[in-house]
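Please read the structure below before turning to the comments.
The values are calculated or read from the model by the stated rules, or taken from the named source; none is laboratory data. Everything numeric in this text was worked out from a predicted model, so none of it was measured. For neighbour counting, all protein chains shown are included, and Cβ atoms are generated from backbone atoms with ideal geometry for every residue, glycine included. Just so you know, the surface numbers come from the protein's heavy atoms only, side chains and all, with ligands and any DNA or RNA stripped out. Shrake-Rupley method; radii C 1.70, N 1.55, O 1.52, S 1.80 Å.
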Amino acid sequence: MDIIKIMPDKEKARSILKMTSLIEERIKIQNRKKMAALIIADYYEMIKELITAILLLDGYKTLSHKDLIDYIGKYHEFSSYEISILDDLRILRNRIAYEGFFVDFSYLDKNEHLFKEIIKKLKDFVNKRV
């Protein structure tokens, strides 16, 4: 893992928490069937930013999305199943962002509850520490 030690930064973590709330609002107003791929990318963005906030609170930073996921798997209470979901979501988001990949609505419909559970867990952790 390419993790850099920094001074913990509660203010940045608070700001990230606010930003993820805005992304969450954006998800709610999108056409779910038409925008499934973009909604999935937004869920990934929220998760990535919340993990970044956790690193900031722990006094670390990284530029690698893979290292973000590896970090919470190693140093925080996330199951191997949750980490697997996050890594799959990371790969899917990359396909959406870099290949213009479209995701069928059924994938979002089937997995959205998992994304929301992980987001809630991450938000609760950040909220307890800021």
- Message: Suppose we keep just the alpha-carbon trace of region 1-70; what are its Rg and Dmax in angstrom?
- Response: 13.7, 43
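Provide the FRET efficiency to the nearest 0.05 for the residue 14-residue 121 pair, computing r from the beta carbons and using R0 = 22 Å.
Values: r = 18 Å, r/R0 = 0.83.
The formula returns an efficiency of 0.75 here.
Take every Cα-Cα pair in region 32-123 and report what % of them are more than 23 Å apart. Working shown, then result.
Values: 883 of 4186 pairs.
That fraction is 21 percent.
Semi-axes of the equivalent ellipsoid for region 91-130, please: Cα gyration tensor eigenvalues, times 5, square-rooted, ordered largest first, whole Å. Could you put the intermediate results ahead of the total?
On the way: eigenvalues 143, 40, 5 Å².
Three semi-axes, in Å: 27, 14, 5.
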- Calculated FRET value between residue 109 and residue 5, using beta carbons and R₀ = 35 Å, to 0.05: 0.25
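Contact order normalised by length for the chain, with contacts defined as Cα pairs under 8 Å and 6 or more residues apart; what percent is it? Mind dumping the intermediate values first?
Working: 131 pairs, mean separation 49.5, N = 130.
With pairs under 8 Å counted, the relative contact order is 38 percent.
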- For region 87-130, what % of the accessible area comes from carbon and sulfur atoms, probe 1.4 Å? 52
- Task: Between residue 38 and residue 64, take the C-beta separation as r, use R0 = 25 Å, and let me know the FRET efficiency to the nearest 0.05.
- Result: 0.60
